[in-house]
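Q: Here it is, the structure in full.
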Amino acid sequence: MSFFKRKKQITENRTLPTHIAIIMDGNGRWAKKRSLPRTAGHAAGSKKFKEIARYCNKIGIKYLTVYAFSTENWRRPKEEVDAIMNIFRDYLKDSANFKSENIMLKFIGDRSGMPEDIIKLMAQAEYDSKDATGLRVYMAINYGGRDELVHALRDIVREAIPAEEITEDTISSHIYTREYPDPELIIRPSGEYRLSNFLIWQSAYSEFWFSDVLWPDFSSDDLERAIDDYNKRNRRFGGV
Ligand code: IPE
Ligand code: IPE
Ligand code: MG
């Protein structure tokens, strides 16, 4: 099928998820396959993130959440964590690029656990892109779904909300993703079939899409396949 025909089919015959979430996994194995240091895999993964975010913006996805660093990833060797932080620094210094493309960038996770200079760069990147009206990218950094719920509960207790007034909405409005809808589609490449503490509250009724492709090799065609498969799913939400 020609590119133009395919494009036509994309816009006319299918429903786009409003919010896609991606677990960007497989950087280390991608590098190992090429006899490169794991760091090279993280650099390639960062490049891939920019490419896929641009593609999502182009086709009209409204929200993209990407899992970039988990609360558990601090368990990795210091050299690897330092290298990931450096890639992150470089990315943030460069993030004005997204602004010119009308992409908004925000972060979810516990940023108090991040290095000081990175916290500042994160705030600057959010400020710089705040008026963008295209894709909204939420990058999960020092993010853990359980940690997110702990923080939400602490806030709920601090606000002294009476127990009998606590509903599912109370929790949804105290988690990091409070300002945007739950993901309809969660994608995990790299051949792993688990959430690894990603969006555990928000994924209650998400559709999951797995692939053996390692994240740096993930392509816009893979994303298209995931969206096509999502369109074939029958979402019942407990009904019939
Ligand atoms: C994902 O790739 C990036 C982070 C977790 C920071 P990995 O580094 O987990 O890659 P694999 O799973 O070892 O291949
Ligand atoms: C999940 O990948 C976290 C990110 C992609 C940022 P991991 O590689 O850390 O997950 P596990 O350890 O395989 O579950
Ligand atoms: Mg991994």
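Any read-out appearing in this document is the output of simple, stated calculations on the displayed coordinates, not a laboratory observation. Remember, predicted model here, so these are calculated numbers, not experimental data. So basically every Cβ, Gly included, is an ideal-geometry build from the backbone, and we count neighbours across all protein chains shown.
Q: Rounded to the nearest 500, what is the 222 nm mean residue ellipticity of the chain from helices alone, with -39500 (n - 2.57) per DSSP H run of 4+ residues and division by all residues?
A: -13500 deg cm²/dmol
Q: Answer rounded, prolate or oblate for region 98-148, using the Cα gyration tensor with square roots of eigenvalues a ≥ b ≥ c: rounded when a/c is under 1.5, else prolate when a/b is larger than b/c, else oblate.
A: Oblate is the answer for region 98-148, as a/c is 1.5 or above yet b/c matches or exceeds a/b.
Q: Using amide H atoms built in the peptide plane, which far-off residues or other-chain residues are under 5 Å from Phe107 H to H?
A: The answer is Met139.
Q: A further question follows. Can you tell me the dipole magnitude for the chain around its Cα centre, using point charges on the Cβ only (Lys, Arg +1; Asp, Glu -1), in Debye to the nearest 20?
A: That gives a dipole near 1000 debye.
Q: Could you tell me the calculated FRET efficiency between Asp110 and Asn13, based on Cβ-Cβ distance and R0 = 30 angstrom, to the nearest 0.05?
A: 0.15
Q: Who wins for biggest fluctuation among Tyr230, Tyr138, Tyr205 in a Gaussian network model of the chain, springs between alpha carbons below 10 Å?
A: Greatest mean-square fluctuation among the candidates belongs to Tyr205.
Q: Given the options Lys48, Lys32, Lys78, state which has the largest fluctuation in a GNM of the chain using a 10 Å cut-off (strictly under) for Cα springs.
A: Lys78
Q: Then there's this: Among Arg34, Arg146, Arg188, which one shows the highest mean-square fluctuation when the chain is modelled as a Gaussian network with alpha-carbon springs under 10 Å?
A: Highest fluctuation of the listed residues: Arg34.
Q: Right, next: How far apart, in nm, are two points set 7 Å out from the Cα along the Cα-to-Cβ line at Asn86 and at Phe210?
A: About 3.5 nm separates the two model spin labels.
Q: For the chain, what class follows from the C-alpha gyration tensor (a ≥ b ≥ c being the square roots of its eigenvalues): rounded when a/c is under 1.5, otherwise prolate if a/b is larger than b/c, else oblate?
A: Verdict is rounded for the chain.
Q: Of all beta bridges DSSP finds with both residues in the chain, what is the antiparallel percent, to the nearest 5?
A: 0
Q: 5 Å is the cut-off here: which amide hydrogens, built 1.01 Å from N in the peptide plane, fall below it relative to Leu214, excluding neighbours closer than 5 in sequence?
A: Amide H neighbours of Leu214, under 5 Å, 5+ apart: Ser190.
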